[in-house]
Amino acid sequence: MIKLIVARSKNYVIGNEKNDLPWHIPEDMTYFKEMTKNQIVVMGRKTFDSLPFKNGLPNRENIVLSKSNIDLGENVKIYNDINLLIKNYKDKDIWVIGGAEIYKLFIDMDIVDEIYLTEVDCQVDGRNLPEFKFNVNQYSLNSKRESQNENYKYSFHLYKRN
């Protein structure tokens, strides 16, 4: 099963110019950690480079999709071919964790089974910021939970493919 986990603003923005989250929401970070712990996570090289851990996320199998043959260390697998990646992990859950190009690649291939979306009630200003959009008509909202901290209101959504 292919699962995608992402946080975005009301205007679909998922990152800023520094390739970082435009907000600080500890509850969302905990949610991300709980959902992806001991799982296979797939990301692009820019997302990998933005991680605070240079050997990939701990307690996860880290896979980087990249057009280049790069060495990111022994704890990280590199794939240049998304079809080969899907074939090699066809019987396992794959968590797509970003960035925008990788999300778009999986969404455009029409292979995402579940979307775990944190929607942050804010607008992020800037030019050419990474976004995440999907055709909501292809999915059913399975669950929604609202929350807030001192700076933001946000909600956790689980969409499942129709």
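Points worth noting:
- Check on ASN83, over 30 Å from TYR154 (Cβ atoms) and of a type outside the set (A, V, I, L, M, F, W, C): yes
- Meets criteria (out of contact with any Cys (no Cβ under 9 Å at 6 or more places or on another chain), of a type outside the set (S, T, N, Q) and over 21 Å from VAL120 (Cβ atoms)) for ILE82: yes
- Scope segment 20-34; condition within 27 Å of GLU61 (Cβ to Cβ) and either aromatic (Phe, Trp, Tyr) or surrounded by 15 or more Cβ atoms within 10 Å (Cβ to Cβ) (or both); matching residues: LEU21, ILE25, ASP28, TYR31, PHE32
Computed from the coordinates by the stated procedures, all read-outs in this text should not be read as laboratory data. On a predicted model such as this, the values are computed, not experimentally measured, just so you know. Please note: Cβ atoms are built from the backbone with ideal geometry, for glycine as well, and neighbour counts cover all protein chains shown.
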